[in-house]
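Colleague: Quick one: the structure is below, questions incoming.
Values in this text are rule-based calculations from the coordinates and carry no lab data. As the structure is a prediction and not an experimental result, all values here were calculated from the model. Cβ atoms come from the backbone with ideal geometry, glycine included; neighbour counts cover every protein chain shown.
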Amino acid sequence: MSLINDALKRAKQSPPPPAGAPPLPPVHPPARGGGGWMLAVAAVVFLTAAGLLFMVALAKRPTPPGHPAGAPANPPAPATAAPAAMPSTAPAALSANPAPLSAPSNPPAQAANPAPAPVAEPLPKVQGIIFDPAHPTAIVNGQTLAVGDSVGNWQVKEIRKNSIVFQRPDGTSQTLKIGQ
């Protein structure tokens, strides 16, 4: 106890602090900078993800009917046919002794274009089946179909748990499983 009393006596005997001295400023912790880089990184990540989703959406976009995959949607117009025959501008001296006419060994091609061969329509691609005995549905060529719906020239006749029965207008039918 005497130590405390001695300290109090010494404090009373010490001179008071000067009255005109300014108070000390408060000490602030140093500012934490660099928070803006997180915003920049988040923006880059967001834009990259949006770009990837856009590219995936373009890749999965179905091609218009009648166009092969990868072909442009508006193909260039066919070139016009060249004139059938050009008049000869050879001098008369060159044609003085014409070669005797004989039957050609190979007959010329038919003048009219032959009828185009029928294009076999590709089979629909079964991508998924949602089987509910009351209302079965299926995902075919990226479309959700029910019994009676059509995709191309194929009509959905029956949806089973693991397969779909398609029928063409001519009566032929085809059963396809998921992934076919």
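Colleague: Report ³J(HN,Hα) in whole Hz for each residue of the range 47-55, in order, from the Karplus equation J = 6.51 cos²θ - 1.76 cosθ + 1.60 where θ = phi - 60°; Gly and Pro get x.
Modeller: Result, rounded to whole Hz: 5, 5, 5, 5, x, 5, 5, 5, 5.
Colleague: Give me, ordered by chain and number, the residues 5 or more places off Lys125 or on other chains with an amide H under 5 Å from its own placed amide H.
Modeller: Here the answer is Asn141, since their amide H atoms fall under 5 Å of that of Lys125.
Colleague: Using the Karplus curve 6.51 cos²θ - 1.76 cosθ + 1.60 with θ = phi - 60°, work out ³J(HN,Hα) for each residue of the range 163-175 in order, rounded to whole Hz, and write x for Gly and Pro.
Modeller: Residue by residue, the range 163-175 yields 7, 10, 9, 10, 9, 8, x, 7, x, 6, 10, 9, 9 Hz.
Colleague: Hey, another quick one. Among Leu53, Leu3, which comes first, then next, by fewest other beta-carbon atoms within 10 Å? Write out the running numbers ahead of the final one.
Modeller: Numbers: Leu53 10, Leu3 7.
Taking fewest neighbouring Cβ atoms as first place, the list is Leu3, Leu53.
Colleague: Another question, then. Of the listed peptides 5-14, 129-138, 19-28, what is their order by residue-averaged count of other C-beta atoms within 10 Å, with the highest listed first?
Modeller: 129-138, 5-14, 19-28
Colleague: Please list, by residue number, every one of the trypsin sites (Lys or Arg not before Pro) in the range 146-180 that is coil in DSSP and has at most 12 other beta-carbon atoms within 10 Å.
Modeller: Numbers: sites: Lys157, Arg160, Lys161, Lys177; in loops: Arg160, Lys161.
Sites meeting the loop and neighbour criteria: Lys161.
Colleague: Name the long-range amide H neighbours of Glu158: under 5 Å, sequence gap of 5 or more, or other chain; modelled H, no Pro or chain starts.
Modeller: Val165
Colleague: Let me ask something additional. If the cut-off is a Cα-Cα distance under 28 Å, which lysines reach Lys177, setting aside same-chain residues fewer than 8 apart in sequence?
Modeller: Lys60, Lys125, Lys157, Lys161
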